[in-house]
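Asker: Below you will find the structure I want to go over with you.
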Amino acid sequence: MINHMSDKSKLIAAAARSKKFAIQATSWGYAVRMPGNTGFWARFAQALAGGVALVSIGIAVGMWVMPGSEMGADIALFKAALSGVLVLTGLLALWFAAQGTTYELQVDSVKRELREVLSNKKGQNLVLRRMPFNDIRSVILSRDPQRNLPGYARLMLRHKTQGHCIDLVTDKDDRLEALREVLARDILMGEAEMVKASGVTPRRGAIVRHEREMPIPAQ
């Protein structure tokens with residue numbers, strides 16, 4: 001969880017200035033909500049559901065208002081049943097499209113794991129991936145001018161064994177600095193403290209603070 005008051009104050013202030021991320025405190029830690037990082041397929045599914053809703057309801061209405069739609073009682077009964085199915089399909093699709101999804105990175109200090117989650121407006125979560133804290137090698141703030149606008153940076157997590165980076169959010173670097181500091185301390189330094197408490201002597205090294213990367217500090 002966010003332990004130090006100075007870090008907490010900086011992070012709350014940074015989140016208040018940003019439209020890219022927000023912080024939600026929980027009983028098990030905190031969640032970093034990033035609305036702009038929902039993912040292509042989630043946005044595509046919502047857009048598709050909206051299209052299905054419009055088409056279904058449009059066809060249902062058109063069956064009754066188009067010229068030549070007057071028919072016998074038996075046909076009218078069939079049309080009524082079909083219209084009901086189309087309207088129900090449209091309403092369900094419209095409900096799905098209206099749910100909205102937000103990408104979250106949940107930092108669980110109780111279970112000592114990260115969770116990538118899609119959360120809807122009702123608070124229902126779809127867990128995309130779980131990662132123990134010790135699977136994270138470093139928290140990176142990339143200020144690559146070739147990929148970002150001046151003054152902006154990308155916040156990423158580097159996986160320890162797989163080597164790839166998880167792209168979290170792009171925002172002004174001064175806002176992401178506070179978030180990077182908190183994530184690095186909670187994820188990386190927490191592991192170092194557990195190693196120290198266990199009595200195992202870790203690999204020699206030094207705490208490294210760099211604008212691009214914060215590896216796990218060794219004692």
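Derivation of every value follows stated rules applied to the coordinates shown; laboratory data play no part. If you're wondering where the values come from, they're calculated on a predicted model, not measured in any experiment. Because the Cβ atoms are built from the backbone with ideal geometry, glycine has one as well, and the counts that use them run over all protein chains shown.
Asker: Counting only C-alpha contacts under 8 Å and six or more residues apart, can you give the relative contact order of region 41-98 as a whole percent?
Answerer: Contact order relative to length: 60 percent.
Asker: Quick one: which residues, 5+ away or cross-chain, put their amide H under 5 Å from the amide H of Ile136? H built at 1.01 Å from N.
Answerer: Counting only residues 5 or more places away or on other chains, the set is Lys160.
Asker: Using the Karplus curve 6.51 cos²θ - 1.76 cosθ + 1.60 with θ = phi - 60°, what ³J(HN,Hα) values do you get for each residue of region 92-99, in whole Hz, with x for Gly and Pro?
Answerer: Couplings: 5, 5, 5, 4, 5, 5, 7, 5 Hz.
Asker: Beta carbons within 10 angstrom, averaged per residue: use that to sort the peptides 10-20, 118-128, 103-113, highest first.
Answerer: Answer by packing, highest mean first, reads 103-113, 10-20, 118-128.
Asker: Related question: To the nearest µm²/s, what D does Stokes-Einstein give for region 41-98 at 37 °C and 0.692 mPa s, using the Kirkwood radius over alpha carbon pairs as Rh?
Answerer: The calculation lands on 272 µm²/s.
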